[in-house]
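Peer 1: What follows is a structure written as structure tokens; I'll ask about it next.
The values are calculated or read from the model by the stated rules, or taken from the named source; none is laboratory data. Please read all numbers here as calculations on a predicted model, not as lab measurements. Using ideal geometry, Cβ is built from the backbone for each residue, glycine included, and neighbour counts are taken over all protein chains shown.
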Amino acid sequence: MALKVGIIGLRGIGETHARAHSQNPLAKLVAVCDVVKERADKAAAQYGGKAYASPAEMLRNEDLDVVDVCTGGYENGGWHFEPVMAALAAGKNVLVEKPISNDIHEAREMVRFAAEKDVYLGCNLNHYFTEPARQARQLMTDGKIGEPVYCLHRMGFIGGEDIYKPGGGPNFDGFPYAHLKAFLAHPFSLMRHFGGDITHVQAFMDRPSVRRHAGDLMMSIASVHVKFHNGAIGYLFSSRGDATMGLGGWWSFEFGGSKGTFCIENCVEKLTYYPAPAPTDKLGLGEQPTPVVTNTGVKDFGATFPARINAYLEDVTNQVPKSKLRASGRDALATLEYTFAAIESYEQGGALVRPHALPTLKRDLKDQ
Ligand SMILES: NC(=O)c1ccc[n+]([C@@H]2O[C@H](COP(=O)([O-])OP(=O)(O)OC[C@H]3O[C@@H](n4cnc5c(N)ncnc54)[C@H](O)[C@@H]3O)[C@@H](O)[C@H]2O)c1
């Protein structure tokens, strides 16, 4: 039977979620809620469900299986805590937009409380719910990557000084770390998805002169050096439209192992596998085995939303062990711990920082 879903926050991203739920047979969109009631009314008219202006009223009146929180707020995550905690307190499964919060203490509390209530807390870390990421994971499972060696990731909005506009709206203005808190959840989630837990972080950050002159406080470029628990090393570059990236464009991910390397370009679009040379290969200097390219033909990043939401609905429908939930609240907390470690490193002039430990994973009985 379809899960009864209620969405909180119905602006840009909430509407995207409403469309995805309304088109997914695993979901029945029964309620939509926004403090600006007209937004809830508009979504109800377009995608179905009853419109509410108050999350408390929605939770009181509706028998929901899933509450999908798409609020924004300061640093694009400042208004997640209240509705998420209210939904968890009501015993509901929750999917929350990234970042899980802009406040690390709130994020830890949400993950702790979801475990106490024994419900599914997921986060919309949508960048690896794609065909290239699925095939890359298969390469790892098939032993075609081998022992992880390195990870190189670049992700950021295209831009440059000619299209720069001062002021990013109330969620960003005056918050130097807003870009990092709102955005790094995505690249860190990718790095951890393929490379596992990160144990060491060192970061440099800045903002180019065009921002300085405009009085814009945003730390918009970040260069983050990491070490993974498995011994591999990694690097992340992220930017918020200060420069247009060349090789790989706005989104490129490279993961190298002792047996082979894979690269994903444009998130949803292209996977390339570079096998390591075999002993029988006769290669000159500068030559390497022929890479294998898979082009999905998909270019639209929007495809990640229905794919990620479907994965959450599947996991809840199938009642998978909580520890097996894909892109869980705990996974999202990991990305925020890394972000806070990067900020701490920057504030200490590039010091090496060990991210705060994650809560221990509890095994469900059915996990045995
Ligand atoms: N996953 C992605 O690829 C992706 C992309 C962009 C944004 N996001 C995230 O999606 C979230 C939403 O982004 P947005 O741009 O749609 O935000 P927004 O601020 O434009 O809209 C949020 C809506 O939530 C409503 N709201 C806020 N608090 C509420 C509450 N307590 N109860 C009911 N309604 C409430 C607001 O009135 C508003 O209509 C953010 O966390 C953002 O970081 C994710």
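Peer 1: Give segment 150-185 a look and list any residue that's surrounded by fewer than 21 Cβ atoms within 10 Å (Cβ to Cβ), not basic (Lys, Arg) and not in a loop (DSSP other than H, G, I, E, B), or say none.
Peer 2: Matches in segment 150-185: Tyr150, Leu152, Phe157.
Peer 1: Name every residue in segment 322-368 that is at pLDDT below 95 and acidic (Asp, Glu), in order of residue number.
Peer 2: Once the filter is applied, which keeps residues that are at pLDDT below 95 and acidic (Asp, Glu), segment 322-368 yields Asp364, Asp367.
Peer 1: Quick one: in segment 317-350, which of the residues that are surrounded by 13 or more Cβ atoms within 10 Å (Cβ to Cβ) and more than 19 Å from the chain's Cα centre (by Cα) is nearest to Met110 (Cα to Cα)?
Peer 2: Only one residue fits best here, namely Pro321.
Peer 1: Give segment 207-240 a look and list any residue that's touching a residue at least 60 places away in the same chain (Cβ under 8 Å) and surrounded by fewer than 18 Cβ atoms within 10 Å (Cβ to Cβ), or say none.
Peer 2: Asn230, Gly231, Ile233, Tyr235, Phe237
Peer 1: Could you tell me which residue of segment 235-268 is nearest to Glu131 (Cα to Cα), considering only residues that are of a type in the set (A, V, I, L, M, F, W, C) and assigned to a loop (DSSP other than H, G, I, E, B)?
Peer 2: Val268
Peer 1: If you don't mind, another one. From the list Thr272, Thr280, Thr294, which residue is out of contact with any His (no Cβ under 7 Å at 6 or more places or on another chain) and outside any strand (DSSP E or B)?
Peer 2: Exactly one residue qualifies, and that residue is Thr280.
Peer 1: Take the residues in segment 1-18 that are part of a loop (DSSP other than H, G, I, E, B) and more than 8 Å from the ligand (Cβ to nearest atom), then tell me which one is nearest to Leu59 (Cα to Cα).
Peer 2: Among them, the one singled out is Ala2.
Peer 1: Can you find, within segment 296-336, the residue that is nearest to the ligand (Cβ to nearest atom) among those that are within 20 Å of Met191 (Cβ to Cβ) and basic (Lys, Arg)?
Peer 2: Arg308
Peer 1: Continuing with this model, one more query. Need at least 2 residues that are under 21 Å from Asp118 (Cβ atoms) and among the aliphatic types (A, V, I, L, M) per element, so show me which strands (runs of 3 or more DSSP E) inside segment 19-93 make the cut, counting only ones lying wholly within it.
Peer 2: Here the list reads 66-69.
Peer 1: Name, by its number, the condition in (1) away from the ligand (no atom under 16 Å from the Cβ); (2) farther than 20 Å from Tyr346 by Cα; (3) at pLDDT 95 or above that does not hold for Val210.
Peer 2: Against the list (1) away from the ligand (no atom under 16 Å from the Cβ); (2) farther than 20 Å from Tyr346 by Cα; (3) at pLDDT 95 or above, Val210 comes up short only on (3).
Peer 1: Residues that are of a type outside the set (D, E, K, R), under 23 Å from the mean Cα position of the chain (by Cα) and within 10 Å of the ligand (Cβ to nearest atom): does segment 40-51 have at least one?
Peer 2: Checked against the condition, which is being of a type outside the set (D, E, K, R), under 23 Å from the mean Cα position of the chain (by Cα) and within 10 Å of the ligand (Cβ to nearest atom), segment 40-51 yields no hits at all.
Peer 1: Does Asn93 satisfy the condition of being in contact with an Asp or Glu (Cβ under 9 Å, 6 or more places away or on another chain), touching a residue at least 12 places away in the same chain (Cβ under 8 Å), polar (S, T, N, Q) and within 16 Å of the ligand (Cβ to nearest atom)?
Peer 2: When the stated conditions are applied, Asn93 does not pass them.
Peer 1: Is it the case that Ala2 is surrounded by fewer than 18 Cβ atoms within 10 Å (Cβ to Cβ) and small (Gly, Ala, Ser)?
Peer 2: yes
Peer 1: Checking the condition closer than 28 Å to His80 by Cα and modelled with pLDDT of 95 or more, which residue from Pro170, Pro187, Pro166 passes?
Peer 2: Pro187
Peer 1: Name the pairs: first residue in segment 284-307 and within 22 Å of Thr16 (Cβ to Cβ), second residue within 16 Å of the ligand (Cβ to nearest atom) and aromatic (Phe, Trp, Tyr), Cβ to Cβ under 7 Å, at least 6 apart or on different chains?
Peer 2: Thr304/Phe129; Ala307/Phe129
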